[in-house]
Amino acid sequence: MTNTTILWLSLSILGGLSIGYFQYLFRSSVSSLKIALAALRGSSVALIVLLLFNFNHTISDSYIVKQPLNILVDNSLSIKYLNQDSLVLNMVGRFKNQFDLNERFDVNFYAFGQQFKRYDSVLFDAPITHLSEAIIEINDKTSMVSTTVLLTDGNQNFGSNAIYAADSVVQTVFPMVFGPLDSPFDSSIEAVNHNPYTYSGNKTEIEITVLSNKLTENNSFVYAFLNGKKVAESRVSFRESKSHIFSLILPSSKPGLNNYSIVLDPIDNEQNTGNNAYNIAIETIDESSNVAIITNISHPDVGALTKAINALDATIADVLSPDEFLLQKEKYRAAFLYQPNEQFSKLTSWMKASGFQVAWVIGIKSNLNWLNQAQNNFSFELTEETETYDLFYNTNFDLFTIEASDFESWPPIEANFGRLQFKVSNTPLFFKEYQEIAVEDDPLWSLYDTGSVKGAVLRGENIWRWRAQSFVNSGSFESFDVLVHQIVRFLTNNVNRNQLQLAYKSIYNESDQKEVSALWLNENLENNSTSELLIRINNLDNSLMEERQMIYKSGRYRASIEDIKEGSYSFEIIVNGSRQSGGSFKIENRNIETHKLSANFEDMYLLASQTGGTLYTPEQFDELVSQLLGSDSFRPVEKFSQKIVPLHTIWWLLAILILTISSEWFLRKYNGLL
């Protein structure tokens with residue numbers, strides 16, 4: 001209470017008593033009744049003054065806060081696989097019944113595995129162990145330093161390692177590790193990273209991660225099989241390291257979906273061989289295509305383009321006149337228009353109407369005035385002057401991958417002097433370089449995609465010199481031919497603009513999140529959320545079929561297939577009663593929770609050390625309890641609080657005021673003074 005408040009309180013009491021004195025005792029005979037009435041009147045006035053001026057009052061309080069003790073129970077399948085499930089359940093019961101711990105701490109039980117949740121009951125059936133998520137979730141749930149006891153086998157297989165997650169949390173972790181410390185030798189294929197798509201004729205590189213739980217003098221081999229035939233292999237040694245990451249090159253395969261089995265040959269009489277195989281699926285895209293080079297002049301550039309395109313597997317280039325192309329246009333997927341002029345009018349009208357993919361090569365013999373009117377995507381500044389330009393490679397080019405090895409050693413090409421301006425969004429591949437200055441707002445070769453058609457514009461002739469220079473540089477035409485190859489692929493690989501776009505995996509492991517999702521677009525290619533989509537799933541092993549409703553969520557229609565058992569399946573999507581599209585997938589019984597034959601004491605020791613805790617085993621339960629109860633760091637905290645409240649909120653002051661006023665009125669009434 002401040003000095004000002006004390007002063008006003010004193011003045012209120014003094015003023016109230018003065019008023020009572022002057023009203024009942026001043027120049028009047030003194031009696032006990034008048035003294036009582038004066039005291040009641042003075043008290044009432046003093047209380048009214050205090051309440052009207054709304055003085056504040058400070059209330060102090062103290063309370064005990066128990067520190068949180070979080071018991072995290074590993075609900076993953078590996079606990080059951082190591083025969084530790086009954087021991088873990090027994091340990092949970094011991095923590096629940098430990099009286100001293102429950103008196104000292106605010107004890108909370110949680111379960112983790114595939115997801116973090118409040119502990120209700122555990123079946124030890126989670127297909128993955130996401131320990132780092134549990135550590136972070138616990139930290140977010142408490143606003144003070146907490147203590148965590150971790151009942152686990154220490155094996156983690158999803159998300160980041162809990163050791164790294166512990167860097168960002170404020171809690172002390174005491175792992176209690178269940179399972180054997182040592183186990184027989186065991187090797188496994190931990191992961192296979194690969195691009196799910198490749199092109200026909202291309203070799204495919206896959207990245208394989210193999211692990212072992214101990215070193216051995218014996219060597220092993222990793223094999224890749226396609227339809228039971230070995231297509232690649234690599235030797236693996238665990239003599240100096242327990243982990244290896246290496247690549248295998250898979251040969252080209254037939255177009256379509258190809259299922260590969262990656263197998264690690266068991267060594268040292270391994271008991272657990274279920275983790276020595278890993279299946280992947282790679283879809284080979286048939287990019288065989290015919291490309292037309294359309295021109296009505298003879299030029300070495302035409303030969304250079306023809307040879308570059310024909311150097312590609314399954315790609316054929318034909319040199320045609322505009323009229324010849326129109327007679328067989330269905331045969332081609334893209335065309336290079338070399339130095340077009342008004343004789344191309346009929347051709348460009350058809351290409352504009354049909355959305356045909358075109359690469360324009362504009363030289364000094366092109367009719368620029370006609371060209372500006374023949375299409376709507378770019379325009380040239382009209383000039384009669386010509387100039388030679390060097391090229392400058394755009395290092396920010398990202399439409400496809402290409403190595404910028406020797407581009408800037410290629411000789412200059414000849415082009416019209418004017419500026420090229422695009423009317424659509426474009427990505428320059430090369431800029432003009434004039435007098436050793438890159439002109440970045442005036443591209444030399446640029447690509448565009450309007451959404452309905454793709455195109456490329458090269459301004460200049462004598463690109464045959466580029467192909468010749470690439471041979472001079474490396475003894476091969478490869479750098480030029482690969483560049484042309486990528487341009488052809490860009491033109492012929494149209495973006496999928498179907499109304500129904502599916503997302504699913506060809507192979508699901510048991511521990512994967514299993515879902516088929518679909519994006520359904522209306523006629524304007526806008527997301528449609530009001531349709532009814534069904535998925536019809538057919539078991540290819542027993543021909544059983546079932547239908548499921550697809551639920552619209554987060555912008556896509558989704559169907560969970562978590563409950564579907566191991567096997568091969570095909571499916572089709574039904575939209576508003578009409579079949580639209582389909583696919584196939586396999587579900588394999590490859591659960592990463594069964595890959596370990598021992599507990600991971602090493603990681604749990606590091607986790608405990610990093611957070612200031614101690615690692616324990618189930619046999620050391622009493623030692624853990626003693627440390628928790630005996631450490632001053634985990635004692636309950638007495639906290640004090642002060643609240644400043646206005647006097648008018650104190651109910652007993654109002655009650656006293658009512659009592660004094662009522663008592664004064666009753667005494668005056670009783671003694672006939674009213």
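The values are calculated or read from the model by the stated rules, or taken from the named source; none is laboratory data. What you are looking at is a predicted structure, and each value in this text was computed from that prediction instead of being measured. Please note: Cβ atoms are built from the backbone with ideal geometry, for glycine as well, and neighbour counts cover all protein chains shown. Side chains are part of the model used for accessible areas, which takes the heavy atoms of the whole protein and leaves out ligands, DNA and RNA. Shrake-Rupley method; radii C 1.70, N 1.55, O 1.52, S 1.80 Å.
Note on segment 358-408: semi-axes of the ellipsoid equivalent to its C-alpha gyration tensor, largest first and rounded to whole Å, are 27, 16, 9.
Pairs of alpha carbons in segment 414-490 separated by more than 15 Å make up 62% of all such pairs. For ARG94, the shell of other residues with beta-carbons less than 14 Å away shows a net charge of -3, using +1 for Lys and Arg and -1 for Asp and Glu. Where Lys and Arg each count +1 and Asp and Glu each count -1, what net charge lies around ALA308 among other residues with Cβ under 12 Å from its Cβ? Once all neighbours under 12 Å are counted, the net charge is -1. Computed over every Cα-Cα pair of segment 343-473 and binned at 10 Å starting from 0, the pair-distance distribution P(r) comes out as 11, 43, 35, 11, 0 percent. Across the protein chains, with a 1.4 Å probe defining accessible surface, the residues THR386, THR530 rank THR530, THR386 from largest area downward. Applying a DSSP loop filter and a limit of 15 other Cβ atoms within 10 Å to the trypsin sites (Lys or Arg not before Pro) in segment 222-255 leaves ARG239, LYS242. Expressed in Å, the radius of gyration and Dmax of the Cα atoms of the chain are 41.1, 138.
Karplus-based coupling profile of segment 654-668, in residue order and whole Hz: 5, 5, 5, 4, 4, 5, 5, 5, 5, 5, 4, 4, 5, 5, 5, with θ = phi - 60° in 6.51 cos²θ - 1.76 cosθ + 1.60 and x standing for Gly or Pro. Helix 131-141 sits at what angle to the longest principal axis of the chain, using alpha carbons and giving 0 to 90 degrees rounded to 10? The angle comes out at about 40 degrees. Segment 403-462 and segment 170-189 have Cα centres separated by 59 Å.
Over segment 63-135, the alpha carbon radius of gyration divided by the compact-protein estimate 2.2 N^0.38 Å works out to 1.19. Where only DSSP H runs of four or more residues are counted, the chain gives -8500 deg cm²/dmol as its mean residue ellipticity at 222 nm, each run worth -39500 (n - 2.57). Beta bridges from DSSP with both residues in the chain: antiparallel share about 70 percent, rounded to the nearest 5. Each 5 Å bin from 0 upward holds the following percent of the Cα-Cα pairs of segment 164-260: 2, 10, 17, 16, 13, 12, 10, 8, 6, 4, 2, 0.
When you filter the trypsin sites (Lys or Arg not before Pro) in segment 285-392 for DSSP loop state and at most 15 other Cβ atoms inside 10 Å of their Cβ, you are left with LYS365. Of the GluC sites (Glu not before Pro) found in segment 221-288, those that fall in a DSSP loop while having at most 15 other beta-carbon atoms within 10 Å are GLU240.
Across segment 448-456, rounded Karplus estimates of 3J(HN,Hα) from the backbone phi angles (6.51 cos²θ - 1.76 cosθ + 1.60, θ = phi - 60°) give 9, 9, 7, x, 10, 8, 9, x, 9 Hz, Gly and Pro being marked x. How far is helix 464-474 tilted, in degrees, relative to the longest principal axis of the Cα atoms in the chain, given as a value from 0 to 90 rounded to the nearest 10? Roughly 70 degrees, rounded to the nearest 10. Its alpha carbons considered, segment 85-208 gives a radius of gyration followed by a Dmax of 19.2, 71 Å. If the limit is 27 Å between Cα atoms, which of LYS230/LYS586; LYS307/LYS365; LYS80/LYS229; LYS203/LYS307 go over it? Over 27 Å apart, Cα to Cα: LYS80/LYS229. Seen against the Cα atoms of the chain and their longest principal axis, helix 300-310 is set at about 60 degrees. Rolling a 1.4 Å probe over the protein chains gives ASP398 an accessible area of about 120 Å².
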